[in-house]
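The structure under discussion appears below in the form of structure tokens.
Every number in this text was worked out from the coordinates using simple rules, so none of it is lab data. Since the model is a prediction, treat every value here as computed from it, not as a measurement. Note that each Cβ is placed from the backbone with ideal geometry, even for glycine, and that neighbours are counted across all protein chains shown.
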């Protein structure tokens, strides 16, 4: 079983911010397949478990800096191996339009990723990093803002380019 976790902040206020790129990815995967989200209060998550799929899609409903708690609860419930976890998140070190799928990286200052690493006790899992660009201001403020129309188009293109790779990974 594969677990694909999109990082973001819950609520309309944050829906279109750079920090919610992880949510954008899993929302698109679930929407395109015609599946639905279900609330799992026990995990503090929204989850989608498609029929005949090898993957479960997860959106933690904690603030992004506490995502590790939700991921840890999901791990305890399903007992998946760490190599079967893909964490999807925004990345300040990559320009909009760029994405990278990588194994075993540190948090690079991303507090949501840091929370997951701390809760799992390791950084040995897959990550899909989606570029949102380097800010000319404090990163904490930048990620809580909406990207420009041009940046959003580039981010959406990166997501579209990455999706076939995510689906291939999920079915392996």
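Kindly express, to the nearest 10 degrees and within the range 0 to 90, the angle between helix 111-120's C-alpha long axis and the longest C-alpha principal axis of the chain.
For helix 111-120, the angle is close to 20 degrees.
How high is the relative contact order of region 21-148? Use alpha-carbon pairs under 8 Å, at least six apart in sequence, and give a whole percent.
Details: 200 pairs, mean separation 31.6, N = 128.
Contact order relative to length: 25 percent.
Between 77, 12, 146, where does the largest GNM mean-square fluctuation fall for the chain, given springs only between Cα atoms within less than 10 Å?
Top of the fluctuation ranking is 12.
Any idea how far apart residue 172 and residue 100 come out in nm if each label point goes 7 Å out from Cα toward Cβ?
So the label points at residue 172 and residue 100 sit 1.8 nm apart.
If neighbour count is taken as other Cβ atoms inside 10 Å, put 78, 142, 57 in order from fewest to most.
Details: 78 15, 142 19, 57 27.
Neighbour counts put them in this order, fewest first: 78, 142, 57.
Could you give the angle, 0 to 90 degrees to the nearest 10, between helix 149-171's Cα long axis and the longest principal axis of the Cα atoms of the chain?
Result, in degrees: 20.
With a Förster radius of 30 Å, plug the Cβ-Cβ distance of residue 1 and residue 93 into 1/(1 + (r/R0)^6) and report the FRET value to the nearest 0.05. Can you show the working numbers first?
On the way: r = 30 Å, r/R0 = 1.01.
For residue 1 and residue 93, the calculated efficiency is 0.50.
Can you compute the FRET efficiency between residue 108 and residue 52 using 1/(1 + (r/R0)^6), with r the Cβ-Cβ distance and R0 = 30 Å? Round to the nearest 0.05. It would help to have the intermediate numbers written out before the result.
Working: r = 36 Å, r/R0 = 1.19.
Efficiency for this residue pair is about 0.25.
In whole angstrom, how far apart do the alpha carbon centroids of region 20-51 and region 127-172 sit?
17
Could you check the spin-label model distance between residue 118 and residue 16? Points 7 Å from the Cα along Cα→Cβ, value in nm.
Once both label points are built, they end up 3.2 nm from each other.
Rounded to the nearest 0.05, what FRET efficiency do residue 38 and residue 149 have when you use their Cβ-Cβ distance and R0 = 45 Å?
Details: r = 33 Å, r/R0 = 0.73.
The pair residue 38/residue 149 has a calculated efficiency of 0.85.
May I ask what percent, to the nearest 5, of DSSP beta bridges between residues of the chain are antiparallel? Intermediate results must be reported in sequence, preceding the final value.
Working: 12 of 26 bridges.
Around 45 percent antiparallel, to the nearest 5.
So what's the angle, to the nearest 10 degrees on a 0 to 90 scale, between helix 21-32 and the longest Cα principal axis of the chain?
Value to nearest ten degrees: 60.
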